[in-house]
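Enquirer: Sharing a structure with you now.
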Amino acid sequence: MTAAAPEKRLYINTYGCQMNVYDSERMADVLRPLGYGLTDAAEGADLVVLNTCHIREKATEKVYSELGQLKRLKAEKAAAGGSMLLAVAGCVAQAEGAEIVRRQPAVDLVVGPQSYHRLPELIARAHRASGEALAADFAPQEKFDALPTDRASSGVTAFLTVQEGCDKFCAFCVVPYTRGPEYSRPAGAIVAEAETLAAQGVREVTLLGQNVNAYDDGEGGGLATLVRRLAAIPGLARIRYTTSHPRDMDDPLIAAHGEVEALMPYLHLPVQSGSDRVLKAMNRGHTAEHYLRLVERIRAARPDIALSGDFIVGFPGEREADFEATLGLVREAGYASAFSFKYSRRPGTPAAAMPGQVAEEVKAERLARLQALLDAQQQAFNQAQVGRVLPVLIEKTGRQVGQIGGRSPYLQAVHCEGEENLIGQIAPVRIVSAGRGSLAGVRVPAAA
């Protein structure tokens, strides 16, 4: 009897956003038929993939630094008679292209975010020393068409990409240059993938896209139509989506928040600034007043919705009055959670060349003030849940023996006592205490 070939070891290091988490999962999917199984360390791996993010300052240099370490591991494996393929994927790969190979010849493959479906072909070519190493210029529909339909899932929640790219061209952002124009997957393919996930026990999907609420099925249906189709899938109990743009928050989607039970009362709706002057410089395409009135309409449809947002402080030309306008918007809108950052200059974006770059110490001081306000709002929102019975999707065992954990409809982490066999169920939990990052509760009988 012939022994089975040993499994090849695949190590993927994922940087950045949930889109990259999803992409890494799909890379593992397309490489599984080639015999690659995931490992949690680069040492000894047969294939190492750095799935990179280009959003944060110094992200590119961080990649090159890690490549230096991996070059050493690759040489050590070669000296021992083995081999390691080294691939750079994601947005840095798209933005840097051949420069990566020039600066670090140990890299075998450079794969843009639209082209990871070609990894098997590129790996085969690399083994045959064909010399082709770049795959960054293919249309996104080719990527989606080539993905396996038998996607594997190991949990009760999953990410599901429905849209990629961006046409907004915000002055601070590299996404339109690294991810390309907006492209929506066919609704039928998305529904089929969601059905596969539900059949494997997934109870909640988070729909992903750089501008997810710009989704267009090509037949006059937007994200709201897609949400309603997904909500009809047996076993799929919860739907979320991220990241949204205020310009694409249309009436049907707002209505869906009030009408579709599976659509969770949580909305990540970045505003970035409360100053119209700064918003114009950012090329956001909306005003603070437009954003606040939009929030009013959403809350009219779903009064208990938890609002999340993104904020950039210290954008070029931001004055103290502009920053105070941001604080005012935060107070009026009210956030259950938020992400806030100091502006960082990204080469190649319009904002990088703008006059009025704000001093680091000023950005740091403003960020501290903003985060203090946002933290207070988050704590107040969490404290407001104490005494309530929330339906919690149990996702995993907790840190302590006999403890389980999951998420509330508002995306809060919740832990309580319970058995492992509750994973995958939606259990009523009475909240007894609240911290900044999580809630503690006790399970109550379903009939209570």
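The values are calculated or read from the model by the stated rules, or taken from the named source; none is laboratory data. Worth saying up front: this structure is predicted, and the values here are computed from it rather than measured. Neighbour counts are summed over all protein chains in view; Cβ atoms, including those assigned to glycine, are modelled from backbone coordinates with ideal geometry. Only protein heavy atoms, including side chains, enter the accessible area calculation; ligands, DNA and RNA are left aside. Shrake-Rupley method; radii C 1.70, N 1.55, O 1.52, S 1.80 Å.
Enquirer: So which residues in the stretch 89-107 are in contact (Cβ under 8 Å) with a residue 12 or more places away in the chain and either in a helix (DSSP H, G or I) or farther than 23 Å from L31 by Cα (or both), if there are any at all?
Expert: Correct list: C91, V92, A93, Q94, A95, E96, A98, I100, V101, R103, Q104.
Enquirer: Return a yes/no flag: does the stretch 280-289 have any residue that is more than 23 Å from A351 (Cα to Cα) and surrounded by fewer than 15 Cβ atoms within 10 Å (Cβ to Cβ).
Expert: yes
Enquirer: Is it the case that some residue within the stretch 36-45 is part of a strand (DSSP E or B) and not hydrophobic (A, V, I, L, M, F, W, C)? Lay out the reasoning, then the answer.
Expert: Taking the stretch 36-45 and keeping what is part of a strand (DSSP E or B), we get 36-38.
From what is left, the residues that are not hydrophobic (A, V, I, L, M, F, W, C) are 36-37.
Yes; the residues of the stretch 36-45 include at least one that is part of a strand (DSSP E or B) and not hydrophobic (A, V, I, L, M, F, W, C).
Enquirer: Would you check if A45 is surrounded by 15 or more Cβ atoms within 10 Å (Cβ to Cβ) and touching a residue at least 60 places away in the same chain (Cβ under 8 Å)?
Expert: Against the criterion (surrounded by 15 or more Cβ atoms within 10 Å (Cβ to Cβ) and touching a residue at least 60 places away in the same chain (Cβ under 8 Å)), A45 does not qualify.
Enquirer: Return the residues of the stretch 238-256 that are surrounded by fewer than 17 Cβ atoms within 10 Å (Cβ to Cβ) and in contact with a Ser or Thr (Cβ under 6 Å, 6 or more places away or on another chain); say none if nothing qualifies.
Expert: Matches in the stretch 238-256: none.
Enquirer: Name every residue in the stretch 225-240 that is in contact with a Leu (Cβ under 8 Å, 6 or more places away or on another chain) and free of Cβ contacts under 8 Å to residues at least 60 places away in the same chain, in order of residue number.
Expert: V227, L230, A231, L236, I239
Enquirer: A follow-up question, please. Working carefully through the options D322, D375, find the one that is within 24 Å of T242 (Cα to Cα) and either among the acidic types (D, E) or touching a residue at least 60 places away in the same chain (Cβ under 8 Å) (or both).
Expert: Going through D322, D375 in turn, the sole match is D375.
Enquirer: Going by the conditions given, is P409 under 18 Å from A306 (Cα atoms) and touching a residue at least 60 places away in the same chain (Cβ under 8 Å)?
Expert: yes
Enquirer: Mind counting the residues in the stretch 160-199 that are in a helix (DSSP H, G or I), open to solvent by 30 Å² or more (accessible area, probe 1.4 Å) and without any contact (Cβ under 8 Å) to a residue 60 or more places away in the chain? Steps first, answer last, please.
Expert: Taking the stretch 160-199 as the starting set, the residues that turn out to be in a helix (DSSP H, G or I) are 175-178, 187-199.
Keeping just the survivors that are open to solvent by 30 Å² or more (accessible area, probe 1.4 Å) gives 177, 188-189, 192, 195-196, 199.
Applying the additional criterion that residues be without any contact (Cβ under 8 Å) to a residue 60 or more places away in the chain yields 188-189, 192, 195-196, 199.
Residues meeting the conditions: 6.
Enquirer: Another question, if that's okay. Restricting to the stretch 203-220, what's the tally of residues that are at pLDDT 95 or above and of a type in the set (G, A, S)?
Expert: 1
Residue-wise test of (1) touching a strand residue (DSSP E or B) at 6+ places or on another chain (Cβ under 6 Å); (2) within 25 Å of F172 (Cα to Cα).
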| position | (1), (2) |
| --- | --- |
| G16 | no, yes |
| Y22 | yes, yes |
| A45 | yes, no |
| T52 | yes, yes |
| S65 | no, yes |
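Enquirer: Name the single residue that is most open to solvent (accessible area, probe 1.4 Å) among those in the stretch 223-237 being over 12 Å from G188 (Cα atoms) and hydrophobic (A, V, I, L, M, F, W, C).
Expert: Here the answer is A232.
Enquirer: Residues being touching a strand residue (DSSP E or B) at 6+ places or on another chain (Cβ under 9 Å), closer than 18 Å to Q425 by Cα and not β-branched (V, I, T): count how many of those fall in the stretch 223-240.
Expert: Qualifying residue count for the region: 5.
Enquirer: Next up: Within the stretch 200-222, which residues are farther than 29 Å from A427 by Cβ, surrounded by 19 or more Cβ atoms within 10 Å (Cβ to Cβ) and out of contact with any Asp or Glu (no Cβ under 8 Å at 6 or more places or on another chain)?
Expert: If the condition is that a residue be farther than 29 Å from A427 by Cβ, surrounded by 19 or more Cβ atoms within 10 Å (Cβ to Cβ) and out of contact with any Asp or Glu (no Cβ under 8 Å at 6 or more places or on another chain), then Y215 is the only one that fits.
Enquirer: Please enumerate the residues belonging to the stretch 53-80 that are open to solvent by 100 Å² or more (accessible area, probe 1.4 Å), modelled with pLDDT of 90 or more and over 15 Å from Y11 (Cα atoms).
Expert: R72
Enquirer: If you take the residues of the stretch 384-424 that are of a type in the set (S, T, N, Q), within 24 Å of the chain's Cα centre (by Cα) and modelled with pLDDT of 95 or more, which of them is nearest to V442 (Cα to Cα)?
Expert: If we take residues in the stretch 384-424 being of a type in the set (S, T, N, Q), within 24 Å of the chain's Cα centre (by Cα) and modelled with pLDDT of 95 or more, then S408 is nearest to V442 (Cα to Cα).
Enquirer: Still on this structure, please answer the following. Look through the stretch 339-377, keep the residues that are open to solvent by 30 Å² or more (accessible area, probe 1.4 Å) and within 16 Å of A306 (Cα to Cα), and return whichever of them is farthest from the chain's Cα centre (by Cα).
Expert: Per the stated criteria, the residue is A376.
Enquirer: Moving on to the next point. Out of (1) more than 25 Å from A95 (Cβ to Cβ); (2) free of Cβ contacts under 8 Å to residues at least 40 places away in the same chain; (3) open to solvent by less than 30 Å² (accessible area, probe 1.4 Å), what's the single condition that is false for I298?
Expert: (2)
Enquirer: Here's something else I'd like to know. Does at least one position in the stretch 324-331 carry a residue that is under 27 Å from A95 (Cα atoms), of a type outside the set (F, W, Y), within 24 Å of the chain's Cα centre (by Cα) and surrounded by 17 or more Cβ atoms within 10 Å (Cβ to Cβ)?
Expert: Scanning the stretch 324-331 turns up no residue that is under 27 Å from A95 (Cα atoms), of a type outside the set (F, W, Y), within 24 Å of the chain's Cα centre (by Cα) and surrounded by 17 or more Cβ atoms within 10 Å (Cβ to Cβ).
Enquirer: Among the numbered conditions (1) in a strand (DSSP E or B); (2) out of contact with any Ser or Thr (no Cβ under 8 Å at 6 or more places or on another chain), tell me where V205 comes up short.
Expert: If we test V205 against (1) in a strand (DSSP E or B); (2) out of contact with any Ser or Thr (no Cβ under 8 Å at 6 or more places or on another chain), just (2) comes out false.
Enquirer: Could you grab me the full set of residues in the stretch 407-429 that are farther than 23 Å from R302 by Cβ and open to solvent by 80 Å² or more (accessible area, probe 1.4 Å)?
Expert: E417, E419, E420, N421, Q425
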